[in-house]
Amino acid sequence: KQRTFIMAKPDAVQRNLIGDIMQRFERKGFHLIGAKLMNVPRELAEEHYAEHKEKPFFGELVDFITSGAVFAMVWEGENVIATARNMMGKTNPAEAAPGTIRGDFGISMGMNIIHGSDAPETAEREITLWFNDNELHVYEKTINKWI
Ligand code: GTP
Ligand code: MG
């Protein structure tokens, strides 16, 4: 089964959106295997967003991600990486469709509520970066055969 790394960013935590975000993934049928509330060390934020190191907004991005607690999650399920990206909506909340997480809750590019891995290789990299093996929990749900 595919896994993806999802993070409710500091704006989502401050605005009490963790429950709403998790409920969307639960109701969709995805399976939660790891979750934690944490403050993000600067080195972790820089490593996570390393692909954007040369971009003009990199400093602002790292400042934002380290500005308050985040809620980090690992979700599992068929095609979860691409499906989660669809549920999140476009990067710029102004362009994200209503019904998506960013479309429903976000306004600006800088504070866009949620992060999700964008490909299988990034998902693997990010899960390893953010979670220890003993923080990922494998368990069965009897409803799985219906999803
Ligand atoms: P993430 O899930 O956070 O990685 O977003 P994404 O994959 O949809 O977008 P991308 O990886 O291209 O950009 C990472 C983050 O940088 C985005 O979520 C934005 O918050 C921020 N970002 C991207 N482009 C800009 C920009 O032009 N200006 C500013 N201020 N922030 C940007
Ligand atoms: Mg990205």
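The values are calculated or read from the model by the stated rules, or taken from the named source; none is laboratory data. The structure presented is a predicted model; accordingly, all values stated were derived computationally and were not measured. Positions of Cβ are generated from backbone atoms using ideal geometry, with glycine treated the same way; all protein chains shown enter the neighbour counts. All accessible areas refer to the heavy atoms of the entire protein, side chains included, with ligands and DNA or RNA removed. Shrake-Rupley method; radii C 1.70, N 1.55, O 1.52, S 1.80 Å.
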(request) Under 8 Å between Cβ atoms, at least 6 apart or on separate chains: pull out the pairs that start in segment 47-72 with a residue that is closer than 12 Å to ALA12 by Cβ and end on any residue that is open to solvent by 90 Å² or more (accessible area, probe 1.4 Å) and part of a helix (DSSP H, G or I). (result) GLY68/GLN14
(request) Could you please tell me which pairs satisfy a Cβ distance under 9 Å, a separation of 6+ or placement on different chains, a first residue in segment 127-139 that is at pLDDT 95 or above, and a second residue that is surrounded by 10 or more Cβ atoms within 10 Å (Cβ to Cβ) and part of a loop (DSSP other than H, G, I, E, B)? (result) ILE127/SER117; ILE127/LEU136
(message) Can you find a residue that is more than 13 Å from ligand 1 (Cβ to nearest atom) and among the acidic types (Asp, Glu) anywhere in segment 49-69?
(response) no
(request) Please work out which one of (1) open to solvent by 10 Å² or more (accessible area, probe 1.4 Å); (2) away from ligand 2 (no atom under 13 Å from the Cβ); (3) closer than 21 Å to GLU43 by Cβ is the condition GLU78 fails and give its number. (result) (3)
(message) Can you find, within segment 110-126, the residue that is nearest to ligand 1 (Cβ to nearest atom) among those that are among the aliphatic types (A, V, I, L, M), more than 15 Å from ALA50 (Cα to Cα) and open to solvent by less than 60 Å² (accessible area, probe 1.4 Å)?
(response) ILE114
(request) Mind listing whichever residues of segment 85-111 are under 16 Å from MET22 (Cα atoms), within 12 Å of ligand 2 (Cβ to nearest atom) and not basic (Lys, Arg)? (result) MET88
(request) Tell me which residues, restricted to segment 45-71, are touching a helix residue (DSSP H, G or I) at 6+ places or on another chain (Cβ under 7 Å) and more than 15 Å from ligand 2 (Cβ to nearest atom). (result) THR66, SER67, GLY68, ALA69, PHE71
(message) For the list (1) surrounded by 17 or more Cβ atoms within 10 Å (Cβ to Cβ); (2) away from ligand 2 (no atom under 15 Å from the Cβ); (3) not β-branched (Val, Ile, Thr), I need the number of the one condition that GLN23 fails.
(response) (1)
